[in-house]
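Participant: Questions regarding the structure given below will be posed in turn.
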Amino acid sequence: MPMKKALLLATALALPSVAHAHPHVFAEAKLEVIGDDKGFISELRNVWRFDEVFSSSVLMDFDKNKNLKLDPEEAATVGNTVKDSLGDYGYYMNISADGKEVKVSPPDTINIVYQGGKLLMFFIVKPAEPLPLKGRIQLGVWDPTFYTSIDFNRDEDMTTDGKAFAACKRTIVRPDPDEVLKQNQDKLTAAFFDDPAGTNMSKLFAIKLELSC
């Protein structure tokens, strides 16, 4: 059940294995890209905050002692579930260097906090191979199954940190949804959305950080 592995937690894992025409889970995200002193990208630090509906469903499933919060052991179980589920999808990290895909290594841990009625997720991934800051690098966070919407509300939610970035031009790319639909209207058929292999809709709409170094 490949589609099910894309869903973030056990609640979503129980849903049918089909392609979805629109997102069902929503998260506000922040991405911090860290550069080392040798001119390489060393880490990608992620923070995701999920919508209240999905967060409450996770609490319902993982709050075993019914105290309306996630105790440390319960939060760790959620984190491990997410880590196992998203491995096949690269933890939604989409990176390319001069058009070549760059994969990431699994995070050591995924930290979970439930506060203010929302689920927060913190994790760090590293490029699986050396990623020098040269040429054109594009970084984004999106779910290829289009089940989960990962949104960066402000340009400041995608940042860089490190002296090496001084040699790079930084651009936040925000596709115009109307323009995307207009350019792809011939493809957006029922067969497109029902394709069991998934669609590229997430990529078309995704916000990206582009570096020209």
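The values are calculated or read from the model by the stated rules, or taken from the named source; none is laboratory data. Keep in mind that what you see is a predicted model, and the values were worked out from it rather than measured. Virtual Cβ from ideal backbone geometry, glycine too; neighbours counted across all protein chains shown.
Quick grid of which residues meet (1) over 14 Å from Leu44 (Cβ atoms); (2) out of contact with any Cys (no Cβ under 6 Å at 6 or more places or on another chain); (3) modelled with pLDDT under 95:
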{"site": "Ala76", "(1), (2), (3)": "yes, yes, no"}
{"site": "Val102", "(1), (2), (3)": "no, yes, no"}
{"site": "Pro106", "(1), (2), (3)": "no, yes, no"}
{"site": "Gly116", "(1), (2), (3)": "yes, yes, yes"}
{"site": "Leu120", "(1), (2), (3)": "yes, yes, no"}
{"site": "Phe123", "(1), (2), (3)": "no, yes, no"}
{"site": "Pro127", "(1), (2), (3)": "no, yes, no"}
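Participant: Another question, if that's okay. Using beta carbons and a limit of 7 Å, which pairs, at least six apart or on different chains, have the first residue in the stretch 83-107 and surrounded by fewer than 18 Cβ atoms within 10 Å (Cβ to Cβ) and the second one among the polar types (S, T, N, Q)?
Facilitator: Here the result reads Ser96/Gln138, each pair linking the stretch 83-107 to a residue that is among the polar types (S, T, N, Q).
Participant: What strands (runs of 3 or more DSSP E) completely inside the stretch 72-152 contain at least 1 residues that are of a type in the set (D, E, K, R)?
Facilitator: 100-102, 118-127, 136-141, 148-151
Participant: Find the residue count for the stretch 53-89, including only residues that are out of contact with any strand residue (DSSP E or B) (no Cβ under 6 Å at 6 or more places or on another chain) and within 22 Å of Lys30 (Cα to Cα).
Facilitator: Going through the stretch 53-89 one residue at a time, the tally reaches 13.
Participant: Which condition number does Asn80 fail, the rest of (1) surrounded by 15 or more Cβ atoms within 10 Å (Cβ to Cβ); (2) more than 30 Å from Ala167 (Cα to Cα) being met?
Facilitator: Every condition holds for Asn80 apart from (1).
Participant: Name the single residue that is surrounded by the most Cβ atoms within 10 Å (Cβ to Cβ) among those in the stretch 22-43 being touching a strand residue (DSSP E or B) at 6+ places or on another chain (Cβ under 7 Å) and not in a strand (DSSP E or B).
Facilitator: Here the answer is Pro23.
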